[in-house]
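For reference, the structure is listed below as structure tokens.
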């Protein structure tokens, strides 16, 4: 990172010295092996990709193309943070884990900007294989999503909305209506309804009034029928672990 100007603005950037060190270090690693690189500022984020404006210089690594080039021959994982939201970003063969935080949206409540619960990533390493999950503070490790019944979101009153904060393209997000499998929920970009409730408004949150909801693409939606009595959400992660929750409607 470089600091610029009197206001201490900064740029996400890997220096030539850092890149040269990484290149020399990776020269000692057999191609195809698993490597893990830790950064503070993410190499890239979905938020930067979705932005209609030029991403802030301090939000991503501006010379990430060179980092990707160095990591291309390996099974590479980038561990980053900084953003106070959680997501997985895949660029080429590189998986970047942008981590939510224990403090959430700056200690202003129980969630991050994108609705991810306050928490941290857990990684299990066996040989060259990695498995991972997100651990929500104060919750069981099986707590991997939050659902919102229809009418929760004013903009999509008919939609069941599910926030699966650690999802990536390998996950399956399915739902059942009265025991009948209805298929996959559709992925969408939007605001987590709880984040909107807690963070929207000039006086919210009281401790950090500058905290706002963050658009995220780890939201999934479906439209249950008006006659549905019981809805079940079934989420399967890339490692085959299944997480399921159900609720009874007012017609149940």
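Scanning the stretch 70-107 for residues that are outside any loop (DSSP other than H, G, I, E, B) and within 25 Å of residue 196 (Cβ to Cβ) turns up 87, 88, 89, 98. Residues in the stretch 1-53 that are in contact with a helix residue (DSSP H, G or I) (Cβ under 9 Å, 6 or more places away or on another chain) and in a strand (DSSP E or B) were compared, and the one that is modelled with the lowest pLDDT is 12. Among the conditions (1) within 30 Å of residue 32 (Cα to Cα); (2) out of contact with any strand residue (DSSP E or B) (no Cβ under 8 Å at 6 or more places or on another chain); (3) at pLDDT 95 or above, residue 92 misses just one, which is (3).
Of the residues making up the stretch 82-94, those that are surrounded by fewer than 19 Cβ atoms within 10 Å (Cβ to Cβ) and under 20 Å from residue 22 (Cα atoms) are 91, 92, 93. No other residue among 217, 212 is under 17 Å from residue 85 (Cβ atoms) and touching a strand residue (DSSP E or B) at 6+ places or on another chain (Cβ under 9 Å) apart from 217. Scanning the stretch 194-252 for residues that are under 19 Å from the mean Cα position of the chain (by Cα), under 29 Å from residue 106 (Cα atoms) and in a loop (DSSP other than H, G, I, E, B) yields a total of 6. Of the residues 195, 128, the single one that is in contact (Cβ under 8 Å) with a residue 12 or more places away in the chain and crowded, with 19+ Cβ neighbours inside 10 Å is 195.
The values are calculated or read from the model by the stated rules, or taken from the named source; none is laboratory data. Keep in mind the model is a prediction, meaning the values are calculated, not measured. Methodologically, a virtual Cβ is constructed for each residue, glycine included, from the backbone with ideal geometry; neighbour enumeration extends over all protein chains shown.
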